[in-house]
Amino acid sequence: MEQGETRKFSGYASTFGNVDSYGDTIVKGAYAKTLAENGMPKMFFGHKWDLPIGKWVSAVEDEKGLYVEGELTEGNPQADAVLAALKHGTVDGLSIGFRLSENDYEMKKDGGRVIKSVSHLYEISIVNFPADGAARIAEVRSEDVDGLKTIRELEACLRDSGFSKTAAMSFMAKAKQLFAAQRESEADEKSANELLERLKRLESSL
């Protein structure tokens, strides 16, 4: 890993309302109980419950599904291999390992289940072929904003986030122009620093 790189990524471990390869449909609110009672699930590759390859730092339900943010463990060879695959786009699936009680679901007439609650979400794995076809990793961040030292590094970070070189350079040119104007009009150094922090947060959300 080069200095300034990160091992963080995000995506949807599960989506609501669709039908997975087992015929199951998960509804919004299914993960609320387990997240509140059992905390964060473990992170593995391919549901192999040996040494975790990282940790989930956030798991929240939104309108689409269970949105998660994770970080791969530095110094773990398998985590390094998975990170390389994520950045190359050869692996992008997520899959859940969970337990249901008989009150957590209803059977469908045509097979499969409607899952209203998950008693225990044990783990979320990075996988090649997710049962939920929409459960995918959406972003692999290549750099931490706080680790950026130069304008060139920020432009590179924007390109890694999906911006073209032209779009990234245009964004940075406008950002520098606005920031310079704002700093000139504000004598208070604290206000200028706050503006810079807002710029960093904006870049981080792209």
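The values are calculated or read from the model by the stated rules, or taken from the named source; none is laboratory data. Here the structure is a predicted model, which means the values were calculated and not measured. All Cβ positions, even for glycine, are placed from backbone atoms using ideal geometry, and neighbour counts span all protein chains on display. For the accessible areas, the whole protein counts, side chains as well, though only heavy atoms, and no ligand, DNA or RNA atoms are used. Shrake-Rupley method; radii C 1.70, N 1.55, O 1.52, S 1.80 Å.
A few notes on this one:
- Residue pairs whose Cβ atoms lie under 9 Å apart, sitting 6 or more positions apart in sequence or on different chains, and linking a residue in the range 108-133 that is at positive phi to a partner that is modelled with pLDDT of 95 or more and hydrophobic (A, V, I, L, M, F, W, C), are Gly112/Val19.
- Scope the range 104-128; condition under 23 Å from the mean Cα position of the chain (by Cα) and either among the acidic types (Asp, Glu) or not in a loop (DSSP other than H, G, I, E, B) (or both); matching residues: His120, Leu121, Tyr122, Glu123, Ile124, Ser125, Ile126, Val127
- Taking (1) closer than 15 Å to Glu123 by Cα; (2) at pLDDT below 95 in turn, Val60 satisfies each apart from (2).
- Residue check, Ser101 in contact with a Pro (Cβ under 9 Å, 6 or more places away or on another chain) and over 16 Å from Met40 (Cβ atoms): no
- Residue match in the range 49-61 (condition: within 18 Å of Ser119 (Cα to Cα), in contact (Cβ under 8 Å) with a residue 24 or more places away in the chain, assigned to a strand (DSSP E or B) and of a type in the set (Asp, Glu)): yes
- Scanning the range 141-150 for any residue that is part of a helix (DSSP H, G or I) and either at pLDDT 95 or above or buried (at least 16 other Cβ atoms within 10 Å of the Cβ) (or both) turns up at least one such residue.
Conditions (1) open to solvent by 30 Å² or more (accessible area, probe 1.4 Å); (2) within 15 Å of Arg136 (Cα to Cα); (3) not in a strand (DSSP E or B), marked per residue:
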{"position": "Thr6", "(1), (2), (3)": "no, no, yes"}
{"position": "Met40", "(1), (2), (3)": "yes, no, yes"}
{"position": "Glu63", "(1), (2), (3)": "yes, no, yes"}
{"position": "Ala85", "(1), (2), (3)": "no, yes, yes"}
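- Positions within the range 21-43 being more than 15 Å from Ala135 (Cβ to Cβ) and under 18 Å from the mean Cα position of the chain (by Cα), in sequence order: Leu35, Gly39, Met40, Lys42
- So Gly97, is it in contact (Cβ under 8 Å) with a residue 60 or more places away in the chain and assigned to a strand (DSSP E or B): no
- Among residues of the range 87-127, those that are open to solvent by 40 Å² or more (accessible area, probe 1.4 Å), farther than 21 Å from Ala138 by Cα and charged (D, E, K, R), counted: 8
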